[in-house]
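The values are calculated or read from the model by the stated rules, or taken from the named source; none is laboratory data. As the structure is a prediction and not an experimental result, all values here were calculated from the model. Backbone-built Cβ (ideal geometry, glycine too); neighbour counts: all protein chains shown.
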Amino acid sequence: MRVAVVGLGRMGSAMAKRLAEQGFDLVVFNRTRSKAEQVAEATGAEVADDAAAAAASAEVVVSSLADDAALLELYRQDQGLLAGLGPGKIVVETSTVDPDTVRSLEREVSAKGAVLLDAPVSGSVPAVESGTLTFMVGGDPDALKKVRPVLEALGSKIFHLGPVGAGATVKLAVNSIVHAINVALSEALVLAERAGVERSRAYDVFASSAAAAPFVHYKRAAFERPEEAGVAFSLDLVAKDLDLILGLAGKVGAPMAQAEITRRVTARAIEAGYGDADMSAVASYLRSGQT
């Protein structure tokens with residue numbers, strides 16, 4: 001099975017490398033060609049000149065973009081993804097976007113005779129590297145069966161949730177919890193530190209307590225040693241997610257007071273200059289006293 005990976009940010013690059021390790025034949029595309037060439041050098045993948053060429057040369061397309069605007073441009077621009085799709089091709093759309101966005105793209109993909117699966121993921125780069133992502137899938141179950149080998153190379157849990165849009169909806173619901181935990185963990189850690197408890201000792205307890213969600217474990221290094229941590233998921237992207245979450249809440253009439261508070265704290269951290277930093281930098285922002 002030949003797989004095209006389009007969009008080679010942190011997640012897309014990690015997915016391409018993992019798929020190559022698992023033996024898939026790859027073609028890659030990124031708007032900034034140098035990123036695609038770096039991934040190709042590491043994986044042996046072919047570099048496509050445009051998204052249309054990538055889609056035309058593969059049976060399965062895995063897409064990973066930062067936001068709705070970038071995703072729509074990827075599909076609809078001249079020589080975009082739609083231009084390379086045809087009967088029998090399946091697009092696995094892993095981007096975190098508005099459910100209405102993937103529904104609109106699904107109609108356009110179907111018009112080409114191809115199938116779109118709405119398949120965002122839970123887990124960051126380390127989960128990709130270990131093949132332990134969680135997929136939240138909306139769309140045709142027969143198409144899911146066909147691409148399951150691709151998804152199983154990347155993830156350990158695959159949930160089929162209903163029609164296209166269901167995956168995006170549940171991903172936003174999951175992220176509302178994750179981003180709330182991020183703020184709560186930041187506050188708790190700074191509270192313990194200011195009260196005289198050494199950071200790593202406090203974290204030992206957090207990681208062994210009733211609050212020890214998987215997020216608490218896999219973000220430990222970032223919270224304990226923020227000066228050494230890379231950026232797995234930036235606060236700017238957290239803010240994007242929270243806008244989508246609250247936008248969906250407004251559409252369906254769901255009360256989300258916690259998400260509103262999480263968005264306010266995130267916005268203040270970004271205003272203080274932490275937008276490009278990892279999401280765990282909320283703790284650094286609280287330590288800084290700029291609140």
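For region 214-241, a residue qualifies if it is closer than 14 Å to residue 123 by Cβ and among the small types (Gly, Ala, Ser), and exactly one does: 232.
Taking region 153-180 as the range and being charged (D, E, K, R) and out of contact with any Phe, Trp or Tyr (no Cβ under 9 Å at 6 or more places or on another chain) as the test, only 171 passes.
Close contacts from region 139-168, counting a first residue that is polar (S, T, N, Q) and a second that is in a helix (DSSP H, G or I), with Cβ to Cβ under 9 Å and a gap of 6+ residues or different chains, come to 156/127; 156/130. Checking region 206-220 against the condition returns no match, with no residue being exposed (fewer than 13 other Cβ atoms within 10 Å of the Cβ), closer than 21 Å to residue 132 by Cβ and touching a residue at least 24 places away in the same chain (Cβ under 8 Å).
Looking across region 145-166, just one residue is in contact with a Ser or Thr (Cβ under 7 Å, 6 or more places away or on another chain) and either within 16 Å of residue 63 (Cα to Cα) or modelled with pLDDT under 95 (or both), and that is 155.
Annotation: residue 172 fulfils all but one of (1) free of Cβ contacts under 8 Å to residues at least 60 places away in the same chain; (2) surrounded by 19 or more Cβ atoms within 10 Å (Cβ to Cβ); (3) farther than 24 Å from residue 80 by Cα; the unmet one is (1).
Among the residues of region 180-190, none qualifies, meaning not one is crowded, with 22+ Cβ neighbours inside 10 Å, at pLDDT 95 or above and outside the structural domain of residue 279 (by TED's automatic domain parsing).
Inspection of region 197-204 identifies no residue that is among the charged types (D, E, K, R), within 25 Å of residue 274 (Cβ to Cβ) and touching a residue at least 60 places away in the same chain (Cβ under 8 Å).
Of the helices (runs of 4 or more DSSP H) that lie entirely inside region 1-69, those containing 2 or more residues that are among the acidic types (Asp, Glu) span 33-43. Screening residue 256 on (1) of a type outside the set (Phe, Trp, Tyr); (2) touching a Leu at 6+ places or on another chain (Cβ under 9 Å); (3) buried (at least 17 other Cβ atoms within 10 Å of the Cβ); (4) within 20 Å of residue 124 (Cβ to Cβ) shows it passes everything except condition (4). Among the residues of region 214-270, the ones that are at pLDDT below 95, among the aliphatic types (A, V, I, L, M) and more than 18 Å from the chain's Cα centre (by Cα) come to 1 in all. Of (1) closer than 21 Å to residue 66 by Cβ; (2) part of a helix (DSSP H, G or I), residue 286 satisfies all except one. Which? Of (1) closer than 21 Å to residue 66 by Cβ; (2) part of a helix (DSSP H, G or I), only one is false for residue 286: (1). Consider region 224-243 and keep the residues that are touching a residue at least 60 places away in the same chain (Cβ under 8 Å) and closer than 20 Å to residue 258 by Cβ. The one that is surrounded by the fewest Cβ atoms within 10 Å (Cβ to Cβ) is 240. If you take the residues of region 19-38 that are over 19 Å from residue 74 (Cα atoms) and in contact with a strand residue (DSSP E or B) (Cβ under 9 Å, 6 or more places away or on another chain), which of them is surrounded by the fewest Cβ atoms within 10 Å (Cβ to Cβ)? So the residue we want is 25.
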